[in-house]
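Engineer: Okay, here's the structure, questions in a sec.
A short reminder: the numbers here are calculations on the coordinates, not readings from a lab. In this text the structure is predicted, and so the values were computed from the model without any measurement. Cβ placement follows ideal geometry from the backbone for every residue including glycine, while neighbour counts extend to all protein chains displayed.
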Amino acid sequence: MSILASSSERSYTLIKLLTCLMFFLFAMTTDAVGSIIPRVIQDFHLTMTAAGAFHYVPMGAIALGALLLGYLADKWGRKTTIIVGLTLYAIGSGLFALGRSFGIFVLLLGLSGLGISVFKIGALALIGDITKSSSEHTALMNSLEGFFGVGSIVGPALVAVLIASGASWKWLYVLAAGICVVLVICALIVEYPRESRLNTKTAALKQTLQLAGDPWALGFSLLIALYVSVEVAIYVWMPTYLLGYDGQFRWLSTYALTLFFVFRAVGRFLGAMILSRLQWTSVIALCGLSILACFAGSLVLGVRFGVLLLPLSGLFMSTMYPTLNSKGISCFPRSHHGAVAGIILFYTAAAAAFAPLAMAAVSDFFGSVRYGFILATVFAFLLFLGLAANWFINPTKRRLLELDQRSEAPAAL
């Protein structure tokens, strides 16, 4: 019995490590886009709106894949879904080595985005299989997003190194493809929980669309969409916003995006500890207020303070997404986790595509990126209102307790 238990523990450890590396991997490319876009504008002589396709298109592909393919994690099982998604991502990223035109790069980003949607949904559903309560689910989600945060730091840093050495930024994607091939091999070897295929007979696109109208799924999805709209303002347009900075901390404007990702990564690793001691509804509501203060302060006090306040907002954003995502998924039984993860990911990616596009359009219309950040501050205000309401009303308390009582142990291997 002890031998079997030891084997199960090793398998769960390998599964968690593999999932962490997947989160790290796609963050390398998706969150490096803020560093790549200025080069794309220069190389292809584009407007902000046009160059932003490097962000809009993969996010749109992720949104489409999440909505239409989210149920596959419940139908095919987590392992198959993860392998298929990683394979699509590897192909899309690897072909960057052969690309030369802006249009080809955008198409490849769309394919990579579709792959991300598939393997991320499988990974998110898998988390529910290997945890026994919503609190443990949230703790693991924060740890995984911590690895995502590390990838967010590594990606822009690699872009900077490539450009400084005279190489093309596109080799970041080729490197990501190589890492992805290794992860596919690992995923083929690792043994996954048997319960991850419980919903094979009922999982379908129709079920996903029905769940999309569920008030719990819709409520968490809207909060996440508002949060993402605020976050992408930083990693897509902050480098452009800070180009006008001419104060004594010019070095800080150069490394502001990296500093933001460092704050976000550190906060996510600390998030599990903080949430184990404090009520999650109050933590994220206060974080929402702090994010609003950072954005409003950067507008009222100007870029000289924005160069400090905007990167600092990463510390308060750190626990927001993994906690909301975890609680949203945990409001449903494991057999629906794939479909619900797909719905939430759809809103995540749709907001990530729409918000920076709206910011770019507003900025181009008024002739300054500052107006785009005014729009982002409005998003931050709406997010705080929603989080404050969630704190005082706490509508999910009873539902989460009921589902915790049904899930007393992780799925068997």
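Engineer: Please say if region 271-413 is rounded, prolate or oblate, where rounded means a/c under 1.5 for a ≥ b ≥ c the square roots of the C-alpha gyration tensor eigenvalues, and otherwise the choice is prolate for a/b larger than b/c and oblate otherwise? Let's see the in-between values first.
Structural biologist: Working: a/c = 2.71, a/b = 1.84, b/c = 1.47.
It comes out prolate by the Cα gyration axes.
Engineer: Then there's this: Quickly rank 70-79, 248-257 as a protection proxy: mean count of other C-beta atoms within 10 Å, highest first.
Structural biologist: Details: 70-79: 26.7, 248-257: 15.9.
Averaged packing, sorted descending, gives the order 70-79, 248-257.
Engineer: Shifting gears a bit: Return the calculated 222 nm mean residue ellipticity for the chain, to the nearest 500 deg cm²/dmol, obtained by summing -39500 (n - 2.57) across DSSP H runs with n ≥ 4 and dividing by the residue count. If you can, show how the numbers build up before the last one.
Structural biologist: Values: 20 runs with 328 residues, N = 413.
Helix-only estimate at 222 nm: -26500 deg cm²/dmol.
Engineer: Ranked from highest to lowest mean number of other Cβ atoms within 10 Å per residue, what is the order of the peptides 31-44, 360-373?
Structural biologist: Numbers: 31-44: 20.0, 360-373: 17.9.
Top of the packing list down: 31-44, 360-373.
Engineer: How do the peptides 345-357, 270-282 rank, highest first, by the average count of neighbouring beta carbon atoms within 10 Å per residue?
Structural biologist: On the way: 345-357: 24.0, 270-282: 16.2.
Going by the mean number of other Cβ atoms within 10 Å, highest first, we get 345-357, 270-282.
Engineer: For region 155-197, which chymotrypsin sites (Phe, Trp or Tyr not before Pro) pass both filters: DSSP loop (anything but H, G, I, E, B) and at most 13 other C-beta atoms within 10 Å?
Structural biologist: Passing sites in region 155-197 do not exist.
Engineer: May I ask you to sort M317, M22 by Cβ crowding, counting other Cβ atoms within 10 Å and putting the fewest first?
Structural biologist: Fewest-to-most Cβ neighbours within 10 Å comes out as M317, M22.
Engineer: Over the chain, what relative contact order in percent results from Cα pairs under 8 Å that are six or more residues apart?
Structural biologist: On the way: 717 pairs, mean separation 114.5, N = 413.
Dividing the mean separation by the residue count of the chain yields 28 percent.
Engineer: Please give me the summed charge of the neighbours of W216: other residues whose Cβ is under 10 Å from its Cβ, Lys and Arg +1, Asp and Glu -1.
Structural biologist: Numbers: positive: K327, R399; negative: D214.
Around W216, the charge tally is +1.
Engineer: Between V378 and W171, take the C-beta separation as r, use R0 = 56 Å, and let me know the FRET efficiency to the nearest 0.05.
Structural biologist: Details: r = 38 Å, r/R0 = 0.67.
Once the sixth-power term is evaluated, E becomes 0.90.
Engineer: Once you put a point 7 Å from the Cα of R304 and another 7 Å from the Cα of K397, both along the Cβ direction, what distance in nm separates them?
Structural biologist: 4.7 nm
Engineer: Taking the Cα centroid of region 227-269 and of region 322-353, what is the distance between the two, rounded to the nearest whole Å?
Structural biologist: For region 227-269 versus region 322-353, the Cα centre distance is 26 Å.
Engineer: Let me ask you something else. In a shell of Cβ-Cβ distance under 14 Å around M238, excluding M238 itself, what net charge do Lys and Arg (+1) and Asp and Glu (-1) give? Write out the running numbers ahead of the final one.
Structural biologist: Numbers: positive: R264, R370; negative: D31, E231.
Every neighbour counted, the sum reads 0.
Engineer: Let me ask something else about it. From the square roots a ≥ b ≥ c of the eigenvalues of the alpha-carbon gyration tensor of region 1-132, which class results: rounded (a/c under 1.5), prolate (a/b over b/c), or oblate? Provide the component values of the computation, followed by the final result.
Structural biologist: Values: a/c = 2.91, a/b = 2.34, b/c = 1.24.
In terms of gyration-tensor shape, prolate.
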